[in-house]
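To keep things clear, I will list the structure first and then write my remarks on it.
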Amino acid sequence: MKHHPLYASVLKGGTCLSYGARALNEGGYQSIPKVVFPGGALIGCTAGFLNVPKIKGTHTAMRSGILAADAAFQALESDSREPIQLYDYEEKLKTSSIYKELYQVRNMRPSFHTKLGIYGGILYSGLEAYVLRGYGPWTFHHKTTDAAATEPASKYRPIEYPKPDGEISFDLLTSVSRTGTNHEEDQPPHLKVHDWDAHAEAAYPLYQGIENRFCPAGVYEYVDDETKELGKRFQINAQNCIHCKTCDIKVPTQDITWTVPEGGGGPKYSLT
């Protein structure tokens, strides 16, 4: 996309400072999970408080953090001997500007997955934004998860991308180095698959290495290996991971477990 004349004319002569990637939580109002658990709470994008049409979530993240802090203070001030549960946080959320804002835009993203199709979704989103403003008496629902929506590779023709030119586009390893990611090689891998061979047998024939295509850091690979029945060996380069969480959301087999790595090793996004 960066080589399209419209973008290339702006980027030409510039210097790439940083690289990063992040999966957007597009579920919105319909996908908000239970946000409290013993000793903790979900805030910000962890709970899916992104306003999808605006692609903005910093303000809702800050607001939810304030509400969680208030609830935590009240819980710590109480004389109860029971394990701390931030029930007040959940109640405060439901009457906050966060829920009101997400409710008003709840139908925009799901409208693209109805019979209306992409063009109908665009038209409906315009109607919702300028006329209905979220006050329609109906609520569209998400039909399936991102993982379940993945289609077989045989339905599509592989895209042949041009080689990076080193000026506007760059090779993957150079881009990853610009994230500032530095996972120590001797730490336990934070990306885990119970049975790597079983994963390859379930995923590769149908999806032809989809992890290679959706991962922005080259973490997942299918390496040629004649000793395997598929002729391919599944491999995880956890050191490259830039914490976008796409694999946790998108992999059709849903058998990749993303755990918290050692602190301080993730992307820096320092812009220096």
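Some points to look at:
- Residue match in region 239-252 (condition: assigned by TED's automatic domain parsing to the domain that holds Ser175, more than 26 Å from Thr145 (Cβ to Cβ) and in contact (Cβ under 8 Å) with a residue 12 or more places away in the chain): yes
- The condition of being in contact with a Leu (Cβ under 6 Å, 6 or more places away or on another chain) and crowded, with 17+ Cβ neighbours inside 10 Å does not hold for Gly20.
- Residue within region 171-181 that is under 21 Å from Gly44 (Cβ atoms) and either without any contact (Cβ under 8 Å) to a residue 40 or more places away in the chain or not assigned by TED's automatic domain parsing to the domain that holds Ala203 (or both) present: no
- Of residues in region 63-79 being more than 15 Å from Lys94 (Cβ to Cβ) and not hydrophobic (A, V, I, L, M, F, W, C), the one farthest from the chain's Cα centre (by Cα): Asp79
- Of everything listed in (1) touching a Ser or Thr at 6+ places or on another chain (Cβ under 7 Å); (2) of a type outside the set (Asp, Glu); (3) on the phi > 0 side of the Ramachandran plot, the single unmet condition for Ala202 is (3).
- Tally, over region 141-174, of residues that are part of a loop (DSSP other than H, G, I, E, B) and either out of contact with any Phe, Trp or Tyr (no Cβ under 9 Å at 6 or more places or on another chain) or on the phi > 0 side of the Ramachandran plot (or both): 21
- Of all the numbered requirements in (1) charged (D, E, K, R); (2) buried (at least 19 other Cβ atoms within 10 Å of the Cβ); (3) out of contact with any helix residue (DSSP H, G or I) (no Cβ under 9 Å at 6 or more places or on another chain), Arg109 misses one, and that requirement is (3).
- Of the helices (runs of 4 or more DSSP H) lying entirely inside region 190-272, those containing at least 3 residues that are surrounded by fewer than 14 Cβ atoms within 10 Å (Cβ to Cβ) are 196-207.
- Filter result for Ser31 (of a type in the set (Ser, Thr, Tyr) and either within 21 Å of the chain's Cα centre (by Cα) or within 30 Å of Ile168 (Cβ to Cβ) (or both)): yes
- Test: residue in region 91-100 that is at pLDDT 90 or above, of a type in the set (A, V, I, L, M), under 22 Å from Lys34 (Cβ atoms) and surrounded by fewer than 14 Cβ atoms within 10 Å (Cβ to Cβ): no
- Looking only at residues of region 49-107 that are among the aliphatic types (A, V, I, L, M) and not in a helix (DSSP H, G or I), we find that the one that is nearest to Glu128 (Cα to Cα) is Val105.
- Test set (1) in contact (Cβ under 8 Å) with a residue 40 or more places away in the chain; (2) not in a loop (DSSP other than H, G, I, E, B) - Glu184 fails condition number: (2)
- For region 8-48, filtering for residues that are part of a helix (DSSP H, G or I) and touching a residue at least 24 places away in the same chain (Cβ under 8 Å) leaves 6.
The values are calculated or read from the model by the stated rules, or taken from the named source; none is laboratory data. Not measured: the values here are computed from a predicted model. Reconstructed Cβ throughout: ideal geometry from the backbone, glycine too, with neighbour counts over all protein chains shown.
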